[in-house]
Structures are given as C-alpha cells and as structure tokens.
1. Identify all residues within the range 202-217 that are β-branched (Val, Ile, Thr) and either free of Cβ contacts under 8 Å to residues at least 12 places away in the same chain or surrounded by fewer than 14 Cβ atoms within 10 Å (Cβ to Cβ) (or both); write none if there are none.
2. Check the range 177-187 and report whether any residue there is in contact with a Lys or Arg (Cβ under 9 Å, 6 or more places away or on another chain) and closer than 22 Å to Pro263 by Cβ.
3. Scan the range 393-432 for residues that are surrounded by fewer than 16 Cβ atoms within 10 Å (Cβ to Cβ) and either touching a Pro at 6+ places or on another chain (Cβ under 9 Å) or closer than 12 Å to Tyr359 by Cα (or both) and jot them down.
4. Filter the range 343-392 for residues that are small (Gly, Ala, Ser) and either surrounded by fewer than 19 Cβ atoms within 10 Å (Cβ to Cβ) or without any contact (Cβ under 8 Å) to a residue 12 or more places away in the chain (or both) and give the result.
5. Among the listed residues Ile174, Ile158, Ile184, which satisfies the condition of being within 22 Å of Arg47 (Cβ to Cβ), open to solvent by 60 Å² or more (accessible area, probe 1.4 Å) and not aromatic (Phe, Trp, Tyr)?
6. In the range 393-403, how many residues are in contact (Cβ under 8 Å) with a residue 12 or more places away in the chain and either small (Gly, Ala, Ser) or closer than 24 Å to Lys304 by Cβ (or both)?
7. For Ser104, indicate whether it is without any contact (Cβ under 8 Å) to a residue 12 or more places away in the chain, open to solvent by less than 20 Å² (accessible area, probe 1.4 Å), more than 24 Å from the chain's Cα centre (by Cα) and on the phi < 0 side of the Ramachandran plot.
8. If the requirement is being in contact (Cβ under 8 Å) with a residue 60 or more places away in the chain, among the aliphatic types (A, V, I, L, M) and either touching a strand residue (DSSP E or B) at 6+ places or on another chain (Cβ under 6 Å) or surrounded by 15 or more Cβ atoms within 10 Å (Cβ to Cβ) (or both), which of these qualifies: Val227, Val239, Val189, Val220?
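The values are calculated or read from the model by the stated rules, or taken from the named source; none is laboratory data. Treat the numbers as computed from the prediction; the structure is a model and nothing was measured. All Cβ positions, glycine included, derive from the backbone under ideal geometry; neighbour counts span all protein chains shown. Accessible surface is based on the protein model in full, side chains and every heavy atom, while ligands, DNA and RNA are left aside. Shrake-Rupley method; radii C 1.70, N 1.55, O 1.52, S 1.80 Å.
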Amino acid sequence: MAEKSFKYIILGGGVSAGYAAKEFANQGVKPGELAVISKEAVAPYERPALSKGYLFPEGAARLPGFHCCVGSGGEKLLAESYKQKGIELILSTEIVKADLSVKSLVSAAGDVFKYETLIIATGSTVLRLTDFGVKGADSKNILYLREIDDADNLVEAIKAKKGGKAVVVGGGYIGLELSAALRINNFDVTMVFPEPWCMPRLFTADIAAFYETYYTNKGVKIIKGTVASGFTAHSSGEVKEVQLKDGRTLEADIVIVGVGAKPLTSLFKGEVEEDKGGIKTDAFFKTSVPDVYAVGDVATFPMKMYGDVRRVEHVDHSRKSAEQAVKAIKAAEGGAAVEEYDYLPFFYSRSFDLSWQFYGDNVGDSVLFGDSNPSNPKPKFGAYWVQGGKVVGAFMEGGSGDENKALANVAKARPAAESLDELTKQGISFAAKI
C-alpha cells in the first residue's frame, strides 16, 4: 500500500480527463503537481471514434491515432507526452473509495492518493440489460460500447461472425451509428427500439423519417414500438435469438445494446450535492465541496443562456467543461476569475455518407427546410425550432462548414422569426444573415 500526494488529481480517463490535462499543461503546471488516474489501460482518447472509424472494415481508426486532443485539432497526447509535460499518468487503476473530507482516494489495490484539488471526470457507464433482469442478457456476444476494450470485443465479434445477423437494441446515437457500421461490414442488421421514431430526444418525427428511410434503403431493418424481453443461447453460451415483447423472435449472431448511460457518481454519494442525476456545480464547475470540481457527463451545471441547470452527455461539453474548470482553478490561485461558462448545446453524428449537426434547444414548434428526400444521392436539409417567437434551435444534414457555423450563430443569437412559413422558405439563408 503506497501513498502519493499531488497538488491536483484528475480522476478519469476519458475526453474530459485528457482535455483537463492539456489545459493544465497550457497553464504551466509544474512537474509532479498533477496526476491523471484512470481505470483504463491507455492514455485518454477521443471516445467518438469508437462508434465510427474504429469499426470500418478498411482504413479503421486505431490508437494512437485518436488520443486526446486530436478531436478538436489539438496536440495528440500519448502516454509519453504526459511524462514529458511532468504529468503522472496512472493507468489500470480503479479508485474504489473517496473521502473528500480528508482529500483522499483509495484504489482497489489499496494505494492511497492525496490531493489539494480534485477534478472528477469519471464520465458515464452504459446501462446494461442485466441491470433490468432481462432473461439471457448475460449470453456471449451481447455487446456494449463505451471503452476501447468494448470496441475491441466488437471488432473481434464482427470478424468471427462475418456476414452474420446482428440485432441492435436501441434507436439513439449508438443504435444509429453502430447499425451503419455493421451494415458497412456486410451484416444483416435489425434495429429494435420502443419509441415511435429514432433519436426521439432530439429528432422530430419528420427528421427521423428521413433517417429511418435512408437506413431502410441501405438494408437496415427497423422494428419500432417494442423491446428485447429475453435472449436464448446456443450450448456454447453465444446468443442465438432475441425475443421481443411483441412476441416476435429474431435470429442473432451478435447483439449490440445502446439503451443509454448513467453518470459514474456513486463514489461520491452523500459527499457532494447532486441534481438531475449528476454532481451539482456552479458555472466554474466547483461542487459543494471546497477544492472539488466535476466536469463532463457527471456535472449538472447552470445553462446560462436558458436560465436553468442541465447535465449534458456529449464530447463537445466534455472538452469545454474540462478546460473551463482548469482555467477557473488556475485563475483563482492568482486571485483572478474567469467568465462564467456560457455553453451552447451542440450535438453531431456521422454514419454512412451522412453528417448532421444541431445547435441550441429543440423546444417549441419546428419547421423543416431543404431536400429531405432520402433517395437523393446528396440530401441536404435542415430544421429550426421556434419558441416565444424566437429561433432557439437549428439542425442541418449535409451542411458545409460555413453553413454549420451559421446554425451555431442563429442558435446563440436567438433572433425573432417572422413566421414558420417564412423560415421554411428562407431555409439556411435565414441563418446566414445573422
């Protein structure tokens, strides 16, 4: 049982941890002051690659190609990069106990880590069907995707079951991106989800109709309005069939489950104030406990432009919240302050030949504009959301760099909308004028 002490500890090994470490380096952290503690065996990396390029049959993304912080055009931080910057990268180390009152973390091996300032960047973990007691959900080849080990398991299953049948449980980000990846790998793919359309937390019915038809045209079968209620397995233990609640049965060589995630906050239960499922922070990501910050998926923070508090699970916020926390920490040490975090919600996805971006809030009335015919070779369309006479959200499929910047501007400015019909007529030109 060893004991080590650091001025700063970043707990976590995902996107937020990598970007927080980068910002500390930018701020001139001294050798030996900072440690990054991760239960994963590799340096922090850009997680979005796992559901996209990592699964390509040709030219697949592999580490070290997507270590943080290449996702935002920054420096690629390899394990040796941390050492060169005087940062101690402590990998394959799971923290099992945190005592914030004495500023102490204890690992599964019994090692003790002391800190002066802690940044909680533990991220999320996937929801598993075994958590809900689904019969047979522990069968082999029922897979999830969160960490690089999960992606490696999926790659091996794709190779072993080449051209087989895959069932994707869930119709959100993971469901859509992995259904596309499996189809590109020549699998017979069926998506199953309980909602009336895919990506219901973001897409309107009209937007979803485009993607569902596009996917169907690509050979993905879609079953809506039901859930996986059980699984049968071969004598080998590998999954054989997916039983649906509506009585149907689907053959499956691989099942991939993407039914959501939950923030990893259990280490700190009862020690920090929580809100909306996450750790409550202020606009500088300070928690209710002195010298403890929380960033990324685990943070419930003030959304300044909307006057409420939210928890956001997306890589863009993971990067920016980490940078904000470190800037706030270093500014406070010098007796200064940084501006409050003023985040514009941003989501994006890429699958097949498609690429969409969304900015702002998807509340109020919505209008669709452009070419949303999924049979066209290069469809290009968008949507605006209008609440209280103002445009509050903007979406676009197939937009150029300049068009996507215009979407961000319009969502940030929230200009008045003359009428829904006029917005439909003007389309992207409305955003371009802002």
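1. So the first thing to find is which residues in the range 202-217 are β-branched (Val, Ile, Thr), and the list is 204, 207, 213, 216.
Across the range 202-217, the qualifying residue is only Thr216.
2. Yes.
3. Listed by number, the residues that qualify are Lys405, Lys412, Ala413.
4. If the condition is that a residue be small (Gly, Ala, Ser) and either surrounded by fewer than 19 Cβ atoms within 10 Å (Cβ to Cβ) or without any contact (Cβ under 8 Å) to a residue 12 or more places away in the chain (or both), then Ser355, Gly364, Gly370, Ser375, Gly388, Gly389 are the ones that fit.
5. Details: Ile174 fails: open to solvent by 60 Å² or more (accessible area, probe 1.4 Å); Ile158 fails: open to solvent by 60 Å² or more (accessible area, probe 1.4 Å).
Result of the check over Ile174, Ile158, Ile184: Ile184.
6. Within the range 393-403, residues that are in contact (Cβ under 8 Å) with a residue 12 or more places away in the chain and either small (Gly, Ala, Ser) or closer than 24 Å to Lys304 by Cβ (or both) number 5.
7. Yes; evaluated as a whole, the condition is true for this residue.
8. One residue alone meets the criteria, Val239.
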